[in-house]
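J.: This structure is in structure tokens; I'll ask about it shortly.
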Amino acid sequence: MKRPFLGELEEIVLLTVAALQKSAYCASITQTIDQQMARSISFPTVHTTLQRLEEKGFVSSLMGGATTERGGRQKRLFTVTVAGQQALIECRHLRTYLWEQIPTPVLQLWGA
Amino acid sequence: MGRLTKGGRPPRWASWLLSRFSPPGAEDELQGDMLEMYTYWVQTKGVSSARWQYGLAVLRLIRPFALTRTSQPDHRSQPDSKTNFSLQPAMIRNYLLIAWRNLRKNQAYAFINVTGLALGMGCALLIFALVRYHYQTDHYHHNFNRIYQFTSRFSSPTGDINIQGIPYPLGQAIHTDYPDIDQVAMLDEWYAPLVVVPVANGDDKKIKDKNYKGAFVEPAYFRIFDYSWLAGGPDDLSQPGTVVMSAEMARNCFGTTTGVVGRVVRLDARIPARVVGVFADYRDDTDLAYSIMASWGSLKDQLGTRPEDQPFNNTNGSTHCFALFNDRFTVNDWNRQLLSFVKKYNPNQIKETSYPVVPFSDMHLSPEYGGVSRELLLSLVLIGLLLVGTASINFVNLATAQALNRAREVGVRKVLGSTKAQLFWQFMGETTLIVLLALVLAAGVCWYGQTLVHTYLHGPFRFTFYFSPSVIGWIALLVVAVILLAGLYPALVVAGFRPVVALAGRLTTQQAGGFSLRRGLVTAQFAISQLLIIGLVVVAYQLSYVRNKDLGFRKDAILTVSLPNTPTQDLSKLSTFRNLATTLPDVGQFSYSLGGPPQSGMTSQTRVRFDTRPQIEPYTPQQTWIDADYVGLYGLKLVAGRNLHPSDTAREALINETFMHRLGFNRPAEVLGRFLHKEGFAPLEIVGVLTDYNQLDLKQGINPLFMTTLASGFYSANIQLSSANYSRALSQLERVYNQVYPDSFFEPEFVEQQLQKAYQQEQTMGRLINCFAGLALFIGCMGLYGLVLFMVLQRRKEVGVRKVLGASVSSILWLFSREYVRLIGIAFLLSAPLGWWVMTSWLNNFAYKISMSPLMFLLSLLVTGVVVLLTVSFQSVKAAQMNPVKSLRNE
């Protein structure tokens, strides 16, 4: 069976989950992406993406501590599963491999 | 929550939505996350943007837009007790599937239900459109509720007569005496306007169409009513010799609407008028359908004198006065001034005449001012309700009868934990599906019906349905009403099944939605059909009676031709036309008169003084102008005296018997040789008394009437054709007419047709009832067919056993039919008295009417009986002829 495909948005969300570690939940993920990537992303989009990632088995979740700024409501905290880690690593390998195929003079020309 | 105060709270409605419609199990986290996001948005984007973002996000997060978690890996997916299973996608899918399978399995029933509902709802929509058309007429004028119309009221000891017309100088008088009234505009209708467009080289173009109406108006008219101008405007209309026209009229005259302003046409071929404006075509829902409007000043050429110089005691039914009232001068102010106004301008008739104002919004629905009667509209609405009722009854009957087939499904669902409410909503949902399906078809039925109305029921109005958002509300109301009517009872019955009984298959027809209730509903359907058939029969009889009644005058093979519309007729031309026409081989007798045949509607009323009596007679006899040949041509009979001597001026008079009786005499000899005095006329000597004939249509009785010779007031030629070759006669007459009146328009009309015009509304109603009665019977029979189909299936074994034991085909037929014969009888007991009552009140509109005979009622009984028995036997004959071996073998 083919491995579930990791889309671009899914990759970003998954990376953010990994970066935030213990405090990865939907609102914090949305805000991080919004601030750090200068990329306007809507909360429902992130929410749906997380659900999809969970269906594919790349993240797992459990209910966590409530705080006052969220009106005493519980958080759903996400962590990257082993399958998620592998998918991210594979993704990174694939990119590195493609980068390495670009001839060095061209890269110098780009100023990269 | 202290940190929240800075940005306030997120929109309450959105939080509520989220709490109500979150995907199962996700409410807690979403509420929390969204609160945090709200704070974040408030800090980064501001409060208003945050609220906006919040609302948008919530809309995307709630069901049914959000993804639901299908894989349920942990404890969170365990549904709590609040979850409503009926709204789970899986359940909805299941409900739809079951509904679809049921429709497929019982195609005959589905067909009957959908078709019946579609026809019923289609007719209801059409009726709704018609009624709405009449209630919305002219509503689009933005001043609509402030517009009033001056009317005339003539009081006499026998009662008041209200007419829409007013004297010509009324508008001027109000203008000068009451400048506080916002706007006052006179309008004089101009029937069948003839417009002549000069063509540079060649014959002039003549435009005349019976569907066009014209008018003479004051410019203020356009400040009262809404018109939009394509070119020019109404301002120049204050000068005489100017005219404005609709775009359609402009295209007819000039072939275009541009560059028309400034061109000249001749009105009635005589009055030159310059076009000063072109307005966009008026909407069809208006009573002010004037295609061409000339300046009020031009009326001088039509009347011979300025309208303001016309006498105040002469009231013309086609002259109207509209006004826009405001706070400075209200309707009450006018009512207070009325008496002094009449004293000033019409001092001789203070007691008899007044000029009340009527809201313009009342005009379209008051029959006394020529509007549509509310009763007609009400009866249409009732018929619509009856049709919807009949179709819903079909549904209830078939659904409850079929409920048995679904007993097992219901049983299984209940055992697996369905609640009564869930089952109820499931069945209501199925009804909704069928009703919505029917609605789509109904829209088609309604659309088709509208084109039929256009072609067959054209009548005096152009019917167009104007859409507005409120229509959606009405349609929704209809749909909800039908769903409740049709679905409520079956759903309650099915949801109420006891699972043990249902699963054991021990439900009987008796338990499944009362057999007696079905009987009652079928009886109601029969009664509806019979009622409509009684109406149909009575209307048809009355209309044929009206058509064939001896009216007291001859009407076959007589033609009328209207003469040019001038203030007074040219006497020499009259005699030229008469001489030329009578030499034609196909023309028999020839006569001139004011308005064609009796009943043409062209009569006027006047007050007269009799002989030496000092007082004016306390009633208003009718008057008309005829020549000496009129009596012979229409075959009127003289009781005593002689016919009028030929004359061009009014000197002698014929009166009818009714007039003689009203004058207080019983023997004609007592009135012969005495005189009638009418203002502005020489004394008229009564030379003959005519047998009463119907000079008015049969809705009205016979009024006192006198006729005299006044050649300058002739506007019709009455021509009797002596051969059957009408087309040759017509073409020869047209040639002669055009030779004498080159500027006029030859427009022949047979008397027979003219007489039918008075009954247009009744004929329209007759056609509608025919159509709807047929539909009601059809829908009812479809339902009955379905019911019998079901019963035959149910009693297949019983029929088999009976046949084995020696029952004949006819006895089995009787087994199925006797039930319905009894129900028809009961329905007849309901519909006959109701029909008698309704139709008696309808017949009271006519002075001359048929008396209802038992035969008409029996006819309706017979028709329903035959149709019902045919429907029933169609299936039961099959059952009776079936081989009992087949039905008994499979167990």
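FYI, it's all coordinate maths here, none of it is from the lab. All values derive from a computational prediction rather than experimental measurement. Here the Cβ is made from the backbone with ideal geometry for all residues, glycine too, and neighbour counts use every protein chain on show.
J.: With r defined as the distance between the Cβ atoms of B:Ala108 and B:Val412 and R0 fixed at 30 Å, what FRET efficiency is calculated, to the nearest 0.05? Write down the numbers at each step before the final one.
T.: On the way: r = 25 Å, r/R0 = 0.84.
E between B:Ala108 and B:Val412, to the nearest 0.05, is 0.75.
J.: Report the full-extension gain for the segment B:Arg60 to B:Leu805: residue separation times 0.36 nm, less the Cα-Cα distance, to one decimal in nm.
T.: Using 0.36 nm per residue and subtracting the Cα-Cα distance, I get 261.1 nm.
J.: How high is the FRET efficiency from B:Leu571 to B:Asp235, r the C-beta distance, R0 45 Å, rounded to 0.05? All intermediate terms of the calculation are to be shown ahead of the outcome.
T.: On the way: r = 41 Å, r/R0 = 0.91.
Between B:Leu571 and B:Asp235 the formula returns 0.65.
J.: Using bins 10 angstrom wide from zero, how does P(r) for chain A break down, in % of all Cα pairs?
T.: 13, 38, 29, 14, 5, 1
J.: Could you tell me which of B:Trp625, B:Leu663, B:Pro567 has its Cα farthest along the dipole of region B:564-743 towards the positive end, charges placed at Cβ (Lys, Arg +1; Asp, Glu -1), taken about the Cα centre?
T.: B:Leu663
J.: Of all alpha-carbon pairs in region B:177-231, indicate the percentage at a distance above 18 angstrom.
T.: Tail fraction, whole percent: 57.
J.: Oh, and also: If the viscosity is 1.306 mPa s and the temperature 10 °C, what Stokes-Einstein diffusion coefficient in µm²/s follows for region B:736-776 when Rh is the Kirkwood radius over Cα pairs?
T.: Stokes-Einstein gives a translational diffusion coefficient of 119 µm²/s.
J.: Dipole of region A:8-110, Cα-centred, from +1 at each Lys and Arg C-beta and -1 at each Asp and Glu C-beta, to the nearest 20 debye?
T.: 360 debye
J.: Same structure, new question: Quickly work out the B:Asn94-to-B:Asp362 label distance, labels modelled 7 Å from Cα along the C-beta direction, and quote it in nm with one decimal.
T.: Inter-label distance under the simple model: 6.3 nm.
J.: I'd like to know how region B:144-363 sits against the 2.2 N^0.38 Å rule of thumb: what's its Cα Rg over that expected value?
T.: 1.07
J.: Would you order A:Trp110, B:Trp474 from fewest to most other beta-carbon atoms within 10 Å of each residue's own beta-carbon? Don't jump to the answer; show the numbers that get you there.
T.: Values: A:Trp110 8, B:Trp474 13.
The most exposed by this proxy come first: A:Trp110, B:Trp474.
J.: May I pose another question? Given charges of +1 on the Cβ of Lys and Arg and -1 on the Cβ of Asp and Glu, with all other atoms neutral, how large is the dipole of the protein assembly as shown about its Cα centre, in debye to the nearest 20? Before the final figure, lay out the partial values.
T.: On the way: 93 positive and 72 negative charges, 1053 e Å.
For this selection, approximately 5060 debye.
J.: Something else now. Using the Cα centre of region A:45-98 as origin and beta-carbon charges of +1 (Lys, Arg) and -1 (Asp, Glu), tell me which of A:Leu88, A:Ala66, A:Phe78 is placed farthest towards the positive end of the dipole.
T.: A:Ala66
J.: How large is the dipole of chain B about the Cα centre if only Lys and Arg carry +1 and Asp and Glu carry -1, each at its Cβ, rounded to the nearest 20 debye?
T.: The calculation lands at about 4800 debye.
J.: Other chains near B:36-45: what is the mean number of their Cβ atoms within 10 Å of each residue's Cβ?
T.: If you average over the peptide's residues, the count of other-chain Cβ atoms is 4.
J.: Using only the alpha carbons of the protein assembly as shown, determine the length spanned along each of the three principal axes and report them from longest to shortest in whole angstroms.
T.: 125, 98, 59
J.: Can you sort B:Ser808, B:Ser529 by how many other beta carbons sit within 10 Å, fewest first?
T.: Numbers: B:Ser808 11, B:Ser529 29.
By the 10 Å Cβ count, ascending: B:Ser808, B:Ser529.
J.: Which helices, taking whole DSSP H runs in chain B, have alpha carbons extending 27 angstrom or more along the helix axis plus mean Kyte-Doolittle at least 0.0?
T.: For chain B, where a helix must reach 27 Å along its axis and average at least 0.0, the hits are B:107-136, B:374-402, B:420-456, B:469-495, B:515-548, B:760-794, B:809-843, B:854-881.
J.: Express in nm, to one decimal, how much length is gained between B:Ser468 and B:Ser727 on full extension, taking 0.36 nm for each residue of separation and deducting their alpha carbon distance. Working shown, then result.
T.: Numbers: separation 259, 0.36 × 259 = 93.24 nm, distance 4.84 nm.
Taking 0.36 nm per residue and subtracting the Cα distance, the gain is 88.4 nm.
J.: Which residue, B:Ile558, B:Pro490, B:Val278, has the largest displacement toward the positive end of the dipole of chain B when charges sit on each Cβ (Lys, Arg +1; Asp, Glu -1)?
T.: Of the candidates, B:Pro490 comes out farthest on the positive side.
J.: Assuming a ≥ b ≥ c are the square roots of the Cα gyration tensor eigenvalues, decide whether region B:653-786 counts as rounded (a/c under 1.5), prolate (otherwise, with a/b larger than b/c) or oblate. List each step's numbers first, then the result.
T.: Values: a/c = 3.36, a/b = 1.47, b/c = 2.28.
Because a/c hits 1.5 or more and a/b fails to exceed b/c, region B:653-786 counts as oblate.
J.: Sticking with this one: How much length would be gained if the chain were fully extended between B:Lys886 and B:Leu303, taking 0.36 nm per residue of separation minus their Cα-Cα distance, in nm to one decimal? Can you show the working numbers first?
T.: Working: separation 583, 0.36 × 583 = 209.88 nm, distance 8.97 nm.
Full extension from B:Lys886 to B:Leu303 adds 200.9 nm.
J.: Averaging over every viewing direction, what projected area does the convex hull of the Cα atoms of region B:643-713 cover, in nm²?
T.: 5.3 nm²
J.: Here's another thing I want to ask about it. Could you state the per residue volume, in Å³, of the convex hull enclosing the Cα atoms of chain B?
T.: 260 Å³
J.: Label-point separation (nm) for B:Gln756 and B:Glu734, each offset 7 Å from Cα along Cα-to-Cβ?
T.: 2.1 nm
J.: While we're on this one: What number, rounded to the nearest 500 deg cm²/dmol, is the helix-based mean residue ellipticity at 222 nm of chain B, given -39500 (n - 2.57) per DSSP H run of at least four residues and division by all its residues? Please report the intermediate quantities before stating the final value.
T.: Values: 27 runs with 435 residues, N = 891.
Result for chain B, helices only: -16000 deg cm²/dmol.
J.: Using a 10 Å cut-off around each Cβ of peptide A:63-72, what is the average number of partner chain Cβ atoms that fall inside? Mind dumping the intermediate values first?
T.: Numbers: counts 5, 1, 0, 2, 2, 4, 9, 12, 9, 5.
Counting other chains' Cβ atoms within 10 Å and averaging over A:63-72 gives 5.
J.: To the nearest 0.05, what FRET efficiency results for B:Thr582 and B:Thr451 with a Förster distance of 56 Å applied to their C-beta separation?
T.: 0.75
J.: Based on Cα positions only, what radius of gyration and what Dmax would you give for region B:750-887, in angstroms?
T.: Computed over the Cα atoms of region B:750-887, radius of gyration and Dmax are 21.3, 71 Å.
J.: How many nm is it between the label spots at B:Val821 and B:Lys205, if each spot is 7 Å from the Cα in line with the beta carbon?
T.: With each label placed 7 Å out from Cα toward Cβ, I get 7.1 nm.
J.: Let me ask something else about it. Just to confirm the filter: which trypsin sites (Lys or Arg not before Pro) across region B:187-244 are DSSP coil and have at most 15 other Cβ within 10 angstrom of their Cβ?
T.: Loop-located and lightly packed - B:Lys210.
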